[in-house]
1. Which angle between 0 and 90 degrees, to the nearest 10, do you get for helix B:237-260 versus the longest principal axis of chain B when only C-alpha atoms count?
2. Hand me the chymotrypsin sites (Phe, Trp or Tyr not before Pro) from region A:56-135 located in a DSSP loop with no more than 11 other Cβ atoms within 10 Å, in residue order please.
3. Compute the longest continuous run of chain A that contains no exposed trypsin sites (Lys or Arg not before Pro); treat a site as exposed when its DSSP state is not H, G, I, E or B and it has at most 11 other Cβ atoms within 10 Å.
4. Against the globular-protein guess of 2.2 N^0.38 Å, express the Cα radius of gyration of the protein assembly as shown as a ratio, rounded to two decimals.
5. For chain A, what relative contact order do you get, as a whole percent, if you take Cα pairs closer than 8 Å and at least 6 residues apart?
6. Please report, in debye to the nearest 20, how large the charge dipole of the protein assembly as shown is about its Cα centre when each Lys and Arg carries +1 at its beta carbon and each Asp and Glu carries -1 there.
7. Connecting C-alpha atoms closer than 10 Å in a GNM of chain B, tell me which of B:Ser157, B:Ser216, B:Ser241 has the biggest fluctuation.
8. Using a 7 Å offset from the Cα along the Cα-to-Cβ direction at both A:Arg223 and B:Arg68, what is the distance between the two label points in nm, to one decimal?
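Nothing in this text is a laboratory measurement; each read-out follows from the coordinates by a stated rule. Predicted model only: the values in this text are computed from it and were never measured. Note that we place each Cβ from the backbone using ideal geometry, even for glycine, and neighbour counts take in every protein chain shown.
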Amino acid sequence: MTTSDDAVAILSVEAPPAARRRPGWRLALPVGLLAVPMLAFLTYFFFYPALGLLLSSIQTQDSRGIIGRPFTLAHYARLINVELYARVLWTTLRISIITSALATVLAYPVALVMVKSRPMVTRIITLIVIAPLIVSVVVRGYGWQLVLQNGPKGMLNWILMTLHVVDAPISVLYTEVAVVIGSLHVFFPMMVLPLASALGKIDPNLEDAARMLGAPWWRVFLRVTLPLSMPGFVAGFTLVFSLTAGSFVIPAILGGASAVMLGNLIEQQIFVVYDWPFGAAIAVVLVGLVLAVNGVSMWLLEGRRLRRPD
Amino acid sequence: MDERFSGFGAFILYTITAGMMLFILAPLLLVMAVSVSDSYFVTFPPQGFTLKWYAKVLQDRDFLEAMRLSILLALGTTAGSLLFGVPAAFALVRGRFFGLAAIKGFLLSPLIFPALVTGLALLQVLTKLGSQDARLNLLIGHVVVTSPYVIRTVVTSLQLVDENLEDAARTLGANRLTTFWRVTLPQIASGVAAGGLFAFMVSFDNYPVTMWLANSEYSPVPLVLMRQLVNVFDPSVPAMSTIIILMAMVGVLLLEKLVGLRRALAA
């Protein structure tokens with residue numbers, strides 16, 4: 001068992017392996033009752049509010065700010081039909097997909113090295129990957145603001161200009177690129193950890209067998225390692241996509257006006273425009289997006305549809 | 001390095017890995033370097049050395065107030081999520097009742113729900129209820145988002161408890177409470193501690209729920225920092241950020257130490 005696996009036990013959404021169940025001694029009261037306080041709490045402060053938000057999204061707000069009848073789907077239509085808002089939806093999708101895809105490509109080598117290296121290397125990589133996870137997102141966004149700072153005094157521009165890669169400072173801050181970079185930094189661990197966990201579970205004998213039968217390293221990777229690590233990939237992609245799509249801080253700090261995402265639009269509708277039904281409708285769309293991706297991922301993982309047919 | 005990787009493939013793997021380590025550390029190291037640099041405007045490379053921004057931050061009433069609020073809130077959240085989460089984890093592992101899987105899914109669902117929406121929905125309900133104490137509202141919101149973490153870690157460690165030891169204690173005459181206290185709890189202690197520590201850290205850094213439930217009187221650290229960062233340029237921001245980074249490092253080392261007690265957590 002490596003440190004990375006322990007971390008996954010805490011961080012990943014994937015359930016731990018089912019323990020052996022055997023009939024134990026019976027308690028006087030059913031032990032299931034111990035879940036009641038938590039259930040009641042979450043029902044009242046999570047489930048019920050979520051339904052309330054769903055209801056508001058199809059209601060109308062009058063001039064005094066009171067939300068009620070008539071029911072309408074106008075808020076959803078507005079999100080899709082008004083170009084300003086539709087663009088935010090597309091920006092969110094684009095940034096989330098690009099971030100998850102980049103995270104996959106870059107996390108794979110890191111996870112491989114993490115799993116297959118000597119314990120000391122594994123430990124250091126695990127610490128570096130996990131440590132930033134616990135640093136506030138605001139601080140990390142600020143760090144990237146400093147790195148990407150426009151003008152010759154920013155770190156990236158200073159490096160690029162000192163190395164004569166560019167002659168004049170480039171402008172990355174307050175673009176979608178900056179938001180992708182920031183999101184990648186924030187959610188990278190969410191991709192590495194499930195991947196490392198999946199890679200750690202692969203029987204090394206399978207790879208050895210392929211090698212002994214004469215397969216070159218890239219073939220071993222493509223035909224054995226990659227297919228067997230697909231569950232980790234699916235879990236990681238889902239996590240990174242969901243978290244990026246629902247982010248607020250990173251686009252607010254790094255995106256400025258040119259990369260507004262759904263989270264920022266919701267905040268603006270509630271706190272600036274005070275349009276609760278429209279804010280609620282955007283929130284419902286965001287939840288729908290995230291749940292859809294999670295649903296597909298669960299379907300892929302549980303149905304064992306990831307096994308190669310041949 | 002390792003016989004599994006060789007030639008060009010190994011070169012690519014190690015290059016990308018080293019690059020990503022640099023990518024992860026660069027912004028954090030830059031913040032720390034800037035926090036001790038002696039110029040009002042942030043420039044690269046950082047100039048001079050001073051601790052005056054730290055002196056300024058440690059006298060900043062808003063920041064200290066926010067720090068106090070955040071720590072108290074995180075402590076309360078830890079207590080709350082353990083209080084609700086640990087018994088729930090017991091029910092999930094030891095209980096046999098109809099709909100167990102569905103209930104487990106429900107209890108863990110705040111994890112996949114966008115936290116931003118969780119906070120907004122809660123704000124709507126709390127406003128309708130007339131609950132105006134931001135501290136209480138924040139506590140409720142934070143317990144909603146942190147309790148699934150506690151449930152998951154405690155479930156993992158409970159599944160590894162050897163029930164034979166409990167049976168033995170019972171056979172030898174210990175009552176249920178004693179059995180729990182002397183036999184079960186020591187076996188799940190590190191799982192409970194790791195879950196609690198995680199709840200503390202998630203609460204301390206939480207932004208997407210906090211942004212809805214805080215007000216101008218009660219603003220936790222992430223909100224105060226964001227306000228300083230977006231509205232006014234203030235050279236004490238890097239110093240505040242560094243303090244937060246260092247606190248997080250302590251947290252990570254603690255967690256690593258707890259998680260390092262692997263036997264109890266993940267076998």
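1. With rounding to tens, the tilt is 30 degrees.
2. A:Phe71
3. On the way: sites that count: A:Arg20, A:Arg21, A:Arg26, A:Arg64, A:Arg304, A:Arg305, A:Arg307.
That would be A:65-303.
4. Details: Rg = 24.6 Å, N = 577, 2.2 N^0.38 = 24.6 Å.
Working it through for the protein assembly as shown, the quotient is 1.00.
5. Details: 353 pairs, mean separation 76.8, N = 310.
Normalised by residue count, the contact order of chain A is 25 percent.
6. On the way: 40 positive and 29 negative charges, 270 e Å.
Rounded to the nearest 20 debye, it is 1300 debye.
7. Taking springs between Cα atoms under 10 Å, the residue moving most is B:Ser216.
8. Spacing of the two 7 Å Cα→Cβ label points: 6.8 nm.
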